[in-house]
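S.K.: Before anything else, here's the structure in question.
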Amino acid sequence: MTTETFLAFLAATALFAYMPGPALLYTAAQTIARGRRAGFMAAAGIHLGCYVHVLAAAFGLSALFSVVPTLYFALKLVGGAYLVFLGVQMIRTRVAAGPAPDLPQKSTRRAFMDSVLVEVLNPKVAIFFIAFLPQFVSPEAGLPIWAQFLVLGTIVNCAFTSADLVTVLFATEVKKRLTRATRFQDLTRWLGGSLLVGLGLKLATDRA
């Protein structure tokens with residue numbers, strides 16, 4: 001890859017990473033509703049789950065969505081339903097009066113596993129990698145095609161995770177500014193849960 005092409009790749013990656021989208025809204029919702037620790041664990045879960053799509057793109061598995069459209073729509077519906085389920089669970093979970101602490105270690109592990117599953121079940125991520133990365137892969141390069149996919153996919157994933165971490169820090173500051181009364185804890189819980197429900201419905205009904 002020439003220097004000009006690589007700079008174009010980095011610029012496009014940064015644009016996609018920091019453009020407001022489902023992943024950023026998801027980490028913001030987890031942070032606002034459940035605390036900074038849960039936000040960081042959500043970002044880590046999304047990062048790990050994204051490697052499934054990187055590997056799928058590298059070894060051609062994502063191309064199955066083009067050959068079997070039903071598989072794409074089925075996975076889209078399952079992923080959307082799971083997000084709605086997480087959102088409803090978040091809304092129904094009441095908090096005790098007083099300052100809202102971060103989640104205990106067991107709950108943060110659950111936030112991590114939920115986020116891995118949410119990312120893996122999002123077929124749009126697979127489509128993104130299979131559509132974006134080939135623009136910067138060259139058959140004449142020293143590395144084999146699959147290795148180029150892995151390298152470029154890792155760079156993209158790290159850029160996306162940096163945006164998720166920035167979102168967690170920003171959402172944490174927003175949360176700190178809210179009064180610690182129970183009614184405001186309920187408000188943040190409803191806000192976070194509603195964001196997840198909305199994301200799930202959008203993912204499941206989007207015709208793109």
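S.K.: Counting only residues that are part of a loop (DSSP other than H, G, I, E, B) and farther than 17 Å from residue 8 by Cα, which one in the stretch 135-172 is least open to solvent (accessible area, probe 1.4 Å)?
M.R.: Of everything passing the filter in the stretch 135-172, 141 is least open to solvent (accessible area, probe 1.4 Å).
S.K.: Same structure again: Out of the stretch 37-51, which residues are over 9 Å from residue 119 (Cα atoms) and either of a type outside the set (Ser, Thr, Tyr) or open to solvent by less than 10 Å² (accessible area, probe 1.4 Å) (or both)? Working first, answer last.
M.R.: Initially, the stretch 37-51 is screened for residues over 9 Å from residue 119 (Cα atoms), giving 37-44, 51.
Scanning the stretch 37-51 gives 37, 38, 39, 40, 41, 42, 43, 44.
S.K.: Any residue at all in the stretch 104-116 that is at pLDDT below 80, assigned to a loop (DSSP other than H, G, I, E, B) and either open to solvent by less than 40 Å² (accessible area, probe 1.4 Å) or in contact with a strand residue (DSSP E or B) (Cβ under 7 Å, 6 or more places away or on another chain) (or both)?
M.R.: No, that holds for no residue.
The values are calculated or read from the model by the stated rules, or taken from the named source; none is laboratory data. Being a predicted model, the structure only gives us computed values, none of them experimental. Here Cβ is always computed from backbone atoms with ideal geometry, including for glycine, and neighbour counts include all displayed protein chains. Note: accessible area is taken over every heavy atom of the protein model, side chains too, but ligands, DNA and RNA are not part of it. Shrake-Rupley method; radii C 1.70, N 1.55, O 1.52, S 1.80 Å.
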